[in-house]
Structure formats: structure tokens, C-alpha cells
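Here's the structure, in C-alpha cells; my notes come after.
The values are calculated or read from the model by the stated rules, or taken from the named source; none is laboratory data. Every value quoted in this text rests on a predicted model; they were computed, and no experiment measured them. Cβ placement follows ideal geometry from the backbone for every residue including glycine, while neighbour counts extend to all protein chains displayed.
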Amino acid sequence: MSHSRAFDQAIALTPVSDNVFKGKTSEAFQNMVGPFGGATAAILLNAVLQHPQRLGDPVSLTVNFAGPVADGDFEIEATPLRTNRSTQHWLLLQKQNGEVVTSATAFFAIRRETLSEQQLSAPQAPAPDTLQRVDISIRSWFKQYDFRFVHGIPLQPHRPDQPADTESLLWIRDFPPRPLDYSSLTALGDVFAPRIFLLREQFTPSGTVSMTHYFHATSDELAKVGTGFLLGQAKASRLHSSYADQVAHLWSEDGVLLLTSTQSVYFKE
């Protein structure tokens, strides 16, 4: 099964009643405990994307991973909380056996042509075709992506002449390549392994508790990317008392900032 087909199957939803969709977890996107969080976030967003009352495109998505998602069926409740002329707020709940396992809020809007200013430039990086694909198949979902690292490969010893750092810089895209859309961009925003992996240089039980994506990209900018690579950068600001943050950005190959993501991540001592 190709990735594009595997990903589209993983996020597929069937409407069953007003505001309620049914889906099923995917073996291709399994992680340490339950599914890859990026796929779960994409599923929640997809409920809004295919909802008949949807207005505009996503501007932000906050996902709270309340508990492990078990293998098998789940339901998504997608409720439009308020719709204005050009904005719309959503409440999203993923349930199994009547219990909420993941909750989210989403903000959609019709974007207008206004001032456009990009304050954060893409870091300097070699072209993706000059770098080798890195196989970091810690879990099955890693195999679904083409990782080409500039630096900061998880679980690899850092050079003795360099201090330990939590920053990763890499080119990334779906494998095999898939045209970029809001669903795949949502998943790509969560492809960065926990930053504790880089500091400890070994596997550490950890997981995202809360994640917020800020979508800068318009649908036209996504279409322009096509199946191209995105340049991803992720770093922790502080790891302390079992929790760490993570700030990540994704740029197109021509330097357009498409997504900013922030996370709160639990790690075990």
C-alpha cells in the first residue's frame, strides 16, 4: 500500500449522523502507545474539512491527547460552536466506548488579501536532493515519511566537539510523495521526535500532551508546494520536571513559512 493511500485511509471518516463521523485506527501509523499524534490531529481536522457547515480554511488547531487511543473503531464529534461572517470556531472530540480520548478546538476563517510580512526566514540548508534519506524506523509511522536531516537526528550520539542540543533541521515529505494539503501538513507538523531523544541520545518513554498548529499557508501556497519537500526545524526551550516544550516550523522549498507548531511533551525520568 502506498503512503498516500495509507494516509488517506488512516484519516478517512464516514458520516453517521449530524456532527458525528466514524473512523478506524491504522496499523501504518502506529506509535509507542496508540497512533501517531500527527495522524490523530489530521483525523480531527478532516472532520471539519469534510463537514457540510465548514467555513473557510484552518488557521489554528489545538489538540489535547487525553488518553491512549486503542486499536479499532472510534467516533469524532465535530461541533461548530460559533460561525460569523468570515470566521468559525469548532469543538472536536474523539471517543471510544463513549469515553473521550482526544479533544481539540479548531479555528477556521476566510482569508483576505491584506498586509503580508514574513518575519522568520528559513534557515540555510543544503538542497534536499543532495542529502540521503535517513531511516529512523523507531515505529511504523516513521516509514511513511522521507526524512533528510541536515542535523539533529534523534537517538544518534552528538559529536564530542559539539554541546548537546535539542534542535533538528531536516527536509521532510510524505513517502511516497503525496500532494500537500491541510491534512498532510497537520501530520507533518508533528513528525519531530521528542526532543529528549536528542539530549539523552537514547529512547525515553515520552509523548505529546497538547499541540497547537498555526496554519500560515493558504490553499494556493499548498498547491504550489505539490509533492515537494518542506524544511522543518524543531527545538525545545526548556525540559524540566517531566515536561518539555517544543517549537517547530515548516517552510516550503522556496522559503515560505507554512506552519508554526508548539507542543507540551511529557517525558519519563
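Quick notes on this structure:
- All of Gly228, Gly232, Gly255 fail the test of being modelled with pLDDT of 95 or more and at positive phi, apart from Gly255.
- Per-region count, region 195-228, residues part of a loop (DSSP other than H, G, I, E, B), in contact with a helix residue (DSSP H, G or I) (Cβ under 9 Å, 6 or more places away or on another chain) and more than 25 Å from Asp165 (Cα to Cα): 2
- Residue within region 190-198 that is at pLDDT 90 or above and out of contact with any His (no Cβ under 9 Å at 6 or more places or on another chain) present: yes
- So Val265, is it at pLDDT below 95 and either closer than 15 Å to Gln118 by Cα or in contact with a strand residue (DSSP E or B) (Cβ under 8 Å, 6 or more places away or on another chain) (or both): yes
- Single condition Ser184 does not satisfy, out of (1) in contact with a Pro (Cβ under 7 Å, 6 or more places away or on another chain); (2) at pLDDT 95 or above; (3) among the small types (Gly, Ala, Ser): (1)
- Any hit, region 130-144, residues being of a type outside the set (A, V, I, L, M) and in contact with a Pro (Cβ under 9 Å, 6 or more places away or on another chain): yes
- Filtered by the rule that a residue be of a type in the set (S, T, N, Q) and either modelled with pLDDT of 80 or more or under 21 Å from Ala223 (Cβ atoms) (or both), region 199-213 gives Thr208, Ser210, Thr212.
- Taking the criterion of being surrounded by fewer than 16 Cβ atoms within 10 Å (Cβ to Cβ), touching a residue at least 40 places away in the same chain (Cβ under 8 Å) and in a strand (DSSP E or B), the residues of region 13-36 that qualify are Val16, Lys22, Lys24.
- Looking at region 39-148, the strands (runs of 3 or more DSSP E) lying wholly inside it that each contain 1 or more residues that are of a type outside the set (D, E, K, R) and under 21 Å from Val16 (Cα atoms) sit at 73-83, 87-96, 99-109.
- Residue check, Leu231 part of a strand (DSSP E or B), of a type in the set (A, V, I, L, M) and more than 22 Å from Val63 (Cα to Cα): yes
- Of all positions in region 231-240, none carries a residue that is touching a Pro at 6+ places or on another chain (Cβ under 9 Å), surrounded by fewer than 19 Cβ atoms within 10 Å (Cβ to Cβ), in contact (Cβ under 8 Å) with a residue 40 or more places away in the chain and closer than 22 Å to Val265 by Cα.
- Odd one out for Val247 among (1) assigned to a strand (DSSP E or B); (2) touching a residue at least 60 places away in the same chain (Cβ under 8 Å); (3) under 30 Å from Glu113 (Cβ atoms): (2)
- Taking region 243-269 as the range and being aliphatic (A, V, I, L, M), over 18 Å from Thr208 (Cβ atoms) and surrounded by fewer than 18 Cβ atoms within 10 Å (Cβ to Cβ) as the test, only Val256 passes.
A quick yes/no check of all residues on (1) modelled with pLDDT under 95; (2) crowded, with 19+ Cβ neighbours inside 10 Å; (3) touching a His at 6+ places or on another chain (Cβ under 7 Å):
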| position | (1), (2), (3) |
| --- | --- |
| Arg133 | yes, no, no |
| Ser140 | yes, no, no |
| Lys143 | yes, no, no |
| Leu155 | yes, no, no |
| Pro160 | yes, no, no |
| Ala164 | yes, no, yes |
| Arg173 | no, yes, no |
| Leu180 | no, yes, no |
